[in-house]
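Engineer: Structure provided below as structure tokens; questions to follow.
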Amino acid sequence: MTTNPVNIYEYEAIAKERLAQGEYDFIAGAATDEITLRRTRAVFDSIMMKPRMMVDVSQRDLSTTVLGNKIDFPVMLDPAGNHGAAHPDGELATAKAAGAMNTIMALSSHASRTLEDVAEVATGPLWFQYYFFKDRELTLDMAKRAEDAGYSALCVTLDAKIKPKRERNLRNNYVGSVSPNYAHLDLSTHTWKFGADAPAGPSDIRDPASTWEDLDWLAANTKLPVVVKGIMVGEDGRQSAEHGAKGVIVSNHGARYLDTTLATIEVLPEVVEAVDGRIEVYMDGGIRRGSDIFKALALGARAVLVGRPLFWGLAVDGENGVLSVLEMLRDELDATMGMCGRTTIDSIDMSTITTVSPLLSLFPQPDSFR
Ligand SMILES: Cc1cc2nc3c(=O)[nH]c(=O)nc-3n(C[C@H](O)[C@H](O)[C@H](O)COP(=O)(O)O)c2cc1C
């Protein structure tokens, strides 16, 4: 068995040994053939760094701001359901780790703890993530709960209207639990289309009919800034900016809904260009190394978020495990910046990376490839 993990992959290996197979597969898995899941890592690994020498890198500042909140490094905690599956302290542990690292945690409405209980122990800013519900009263009621509990933003996930097909869960007969955030609802009439694959919550109350006008409506009816999650096309980034969002997360839900989409890092530049500085752009999906964060920043993200690594940290060592996973990402980013001659987050630009091998020009392709 792996001990003393030195990177996030080793955290995952230990977590896999400790978690029941159904839980591990629920967390690690993705939709249908998991093609996008694999592509995501392959694309990150194909982006190469261009290190610069003789720059004074003795002082490096990793801090940035997100919606006006200063964070110590450009990594936030993705919303993900049921941290209680990985550790009994669940989101209470995760929130404490986020606060200790001076960054923002987005709490999933499918959390194993109520949004109020998590707010009570949190020492840093929290976002509350949820969906457009068919019941608009419920949509506003949950926004109000988040406002009252002191959350600093709403994160509305747009890419989870339709039930995904996750074959690992089907094979394992995986059944999730219902979050206490939904405890007051009668869920007896809500069923999934693809069998026993429920995550920790009532997806059938989500509204597949929601459109950009609903975003206008929500933005006008909450005191909190609204960030939308699940943008994969520039035009949708532009629409988000025009319909009241203050930020977008370029995300494909960790490849857990629609398979064979592009990797998020591939579509990030298109969204950044379309949004054109009007609102903030973040990204998630496959961030496992500090160099991945660097690449996302180089391609225009203001900050990144991580999902699965939180579960691996929790499963290995609860709050300390999450802390250590976040520290690893921070320290690897710090080292990458130093070696690339960059000392601030703002100075990381596209000139620091490439995807084209200079060897290509030395070996001309046959005419038929042109
Ligand atoms: C177990 C699990 C549960 C998730 N639950 C939610 C959720 O409740 N709401 C949401 O918007 N995204 C959810 N996500 C997606 C994450 O927010 C994020 O988009 C994705 O995990 C990023 O990719 P990464 O895991 O490679 O970092 C979940 C992801 C995982 C792995």
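Engineer: Ignoring ligands, DNA and RNA, how do MET350, MET337 rank by accessible area with a 1.4 Å probe, largest first?
Structural biologist: Largest accessible area first, the residues go MET350, MET337.
Engineer: For the chain, what are the DSSP H helices with axial Cα length of 24 Å or more and mean Kyte-Doolittle hydropathy of at least -0.5?
Structural biologist: Long hydrophobic helices here: 308-339.
Engineer: Would you work out the charge dipole size for the chain about its Cα centre, treating the Cβ of every Lys and Arg as +1 and the Cβ of every Asp and Glu as -1, and quote it to the nearest 20 debye?
Structural biologist: Once rounded to the nearest 20, the dipole reads 540 debye.
Engineer: Can you tell me the accessible area per residue over the chain, all protein chains present, probe 1.4 angstrom, in square angstrom?
Structural biologist: Normalised by residue count, the accessible surface of the chain is 43 Å².
Engineer: Let me ask something else about it. Count the net charge of all other residues whose Cβ sits under 15 Å from the Cβ of PRO88, scoring Lys and Arg as +1 and Asp and Glu as -1.
Structural biologist: That works out to -3.
Engineer: Continuing with this model, one more query. Putting +1 on Lys and Arg Cβ atoms and -1 on Asp and Glu Cβ atoms, find which of LEU140, SER58, LEU185 reaches farthest to the positive end of the dipole of the chain.
Structural biologist: The residue sitting most towards the positive pole is SER58.
Engineer: Report the Stokes-Einstein translational diffusion coefficient (µm² s⁻¹, integer) for the stretch 8-369, Rh taken as the Kirkwood radius over Cα pairs, at 4 °C with viscosity 1.567 mPa s.
Structural biologist: 62
Engineer: Quick one: dipole size for the stretch 129-178, taken about the Cα centre, charges +1 on Lys/Arg Cβ and -1 on Asp/Glu Cβ, in debye to the nearest 20.
Structural biologist: It works out to roughly 440 debye.
Engineer: Arrange the peptides 160-167, 11-18, 55-62 so that the one whose residues have, on average, the most other Cβ atoms within 10 Å appears first.
Structural biologist: Peptide ranking by packing, descending: 11-18, 160-167, 55-62.
Engineer: Near SER112, within a Cβ-to-Cβ distance under 13 Å, what is the net charge of the other residues, with Lys and Arg +1 and Asp and Glu -1?
Structural biologist: Computed value for this residue: -3.
Engineer: How large, in percent, is the carbon and sulfur part of the accessible surface of the chain at a probe radius of 1.4 Å?
Structural biologist: Values: 8320 of 15910 Å².
Carbon plus sulfur share of accessible area: 52 percent.
Engineer: Measuring from the lowest to the highest alpha carbon on each principal axis, how far does the stretch 1-150 reach, largest first, in angstroms?
Structural biologist: 57, 40, 31
Engineer: Where nothing but the Cβ of Lys and Arg (+1) and of Asp and Glu (-1) is charged, how large is the charge dipole of the stretch 27-127 around its Cα centre, in debye to the nearest 20?
Structural biologist: 480
Engineer: Quick check on the chain: of the DSSP beta bridges with both residues there, what percent are antiparallel, nearest 5%?
Structural biologist: Details: 6 of 34 bridges.
Bridges in the chain are about 20 percent antiparallel.
Engineer: If you don't mind, there's one more thing I want to ask. Residues with beta-carbon under 14 Å from that of HIS243, excluding HIS243: net charge, scoring Lys, Arg +1 and Asp, Glu -1?
Structural biologist: -3
Engineer: Put +1 on the Cβ of every Lys and Arg and -1 on every Asp and Glu Cβ in the chain; which of VAL75, THR94, ASN252 then has its Cα farthest towards the positive end of the dipole?
Structural biologist: ASN252
Engineer: Compute the relative contact order of the chain as a whole-number percentage, counting only Cα pairs closer than 8 Å that sit 6 or more residues apart in sequence.
Structural biologist: For the chain, the relative contact order is 25 percent.
The values are calculated or read from the model by the stated rules, or taken from the named source; none is laboratory data. The shown structure was predicted, so the numbers you read here are calculated from the model rather than taken from an experiment. Using ideal geometry, Cβ is built from the backbone for each residue, glycine included, and neighbour counts are taken over all protein chains shown. Protein only, heavy atoms only, side chains kept; ligands, DNA and RNA dropped before computing areas. Shrake-Rupley method; radii C 1.70, N 1.55, O 1.52, S 1.80 Å.
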